[in-house]
Amino acid sequence: MLKVYAVPVSLYCAKLRILLRHKSLNWDELLPPGGYGSAEYKMLVPSGNLPALVDGDVQLADSEAIAEYLNEKFPDPKMLPSDLVQRAKVRELSRFHDTRLEPAVRALFAHIPLASRDNARAGELLAVVFERLDQLSGLVEGRGDEVMLCDCGLPVTFVWIDELAGVFGHHAKWPAAVAAYRNRVEGHRAVSAELAAYRPRLTAWLAGRVDD
Ligand SMILES: N[C@@H](CCC(=O)N[C@@H](CS)C(=O)NCC(=O)O)C(=O)O
């Protein structure tokens, strides 16, 4: 059985669960012993981050490395196109999520607790997130209807954007192409099932963090 180190509210762990669900794989989900970043966990996963996968003798961290590995090991349903250019486009979108959109969202985390919040700065950081969504418009136009590797992280980050915009008293600005893409991707069983479990967990976690 695949073993996954994860915490319930982690964005990248939810990203991995969408892939696991889409491929109808079974997995055991464990909290990192000692917490992520702990010396105890680093004995098992040197980078200390989440999610991490253990498959027999194979141990891997980084959601995208894990996704590529599982997609090769369990090729049905395939989550990378056969066409060279389309495959590159799926990877481009995954990289955009992991290196451009999600880090812009993460920059807001420090402003969640009221005690450390700077509303003006949070507004500026939200504007960067909305700029990233505008950039995303050009990347998701023409995306097909099948769930590919790039379609696992984005729907989770969209939930974060809605929730965080609410925390800071704003409404997220969804460009039409991104809203249409989001609607399509949320129509898939693996995505909707994960988000149904994930969204209330995130809402509760954020409510607890505001007063930290
Ligand atoms: N690019 C990484 C990002 C993973 C990541 O940032 N994970 C967070 C939890 S959502 C984490 O482990 N943070 C603690 C750390 O990086 O030490 C991936 O795709 O797995």
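Condition check ((1) in contact (Cβ under 8 Å) with a residue 24 or more places away in the chain; (2) within 20 Å of TRP160 (Cα to Cα)) across all residues:
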| site | (1), (2) |
| --- | --- |
| LYS3 | yes, no |
| SER10 | yes, yes |
| TRP27 | yes, no |
| VAL45 | yes, no |
| LEU60 | no, no |
| SER63 | yes, yes |
| MET79 | yes, no |
| SER82 | no, no |
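Which ones in region 40-91 are over 16 Å from LEU2 (Cβ atoms), of a type outside the set (Phe, Trp, Tyr), within 16 Å of the ligand (Cβ to nearest atom) and part of a helix (DSSP H, G or I)?
Residues satisfying the conditions are GLU40, LYS42, MET43, GLU64, VAL90, ARG91.
Out of region 1-35, which residues are in a loop (DSSP other than H, G, I, E, B) and within 24 Å of PHE158 (Cα to Cα)?
Selection gives ALA6, VAL7, PRO8, VAL9, SER10, LYS23, SER24.
Every residue in region 46-78 that is at pLDDT below 95, surrounded by 17 or more Cβ atoms within 10 Å (Cβ to Cβ) and in contact with a strand residue (DSSP E or B) (Cβ under 7 Å, 6 or more places away or on another chain), please.
Result: ASN49, single match.
Out of (1) in contact with a helix residue (DSSP H, G or I) (Cβ under 7 Å, 6 or more places away or on another chain); (2) over 17 Å from LEU16 (Cα atoms); (3) assigned to a helix (DSSP H, G or I), what's the single condition that is false for ASP162?
(1)
Mind checking whether some residue in region 102-122 is acidic (Asp, Glu) and more than 14 Å from the chain's Cα centre (by Cα)? Even if it seems obvious, please write down each step before you answer.
Here is the first cut: in region 102-122, the ones acidic (Asp, Glu) are 102, 118.
Next, from what is left, pick out any that are more than 14 Å from the chain's Cα centre (by Cα): 118.
Checked against the condition, which is being acidic (Asp, Glu) and more than 14 Å from the chain's Cα centre (by Cα), region 102-122 yields at least one hit.
Just to check your reading of the model, which residue among ARG121, ARG87 is surrounded by 14 or more Cβ atoms within 10 Å (Cβ to Cβ) and free of Cβ contacts under 8 Å to residues at least 12 places away in the same chain?
ARG87
Quick grid of which residues meet (1) in contact with an Asp or Glu (Cβ under 7 Å, 6 or more places away or on another chain); (2) within 30 Å of SER24 (Cβ to Cβ):
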residue: LEU136; (1), (2): no, yes
residue: ARG143; (1), (2): no, yes
residue: GLY153; (1), (2): yes, yes
residue: VAL156; (1), (2): no, yes
residue: ALA165; (1), (2): no, no
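The values are calculated or read from the model by the stated rules, or taken from the named source; none is laboratory data. All values derive from a computational prediction rather than experimental measurement. Using ideal geometry, Cβ is built from the backbone for each residue, glycine included, and neighbour counts are taken over all protein chains shown.
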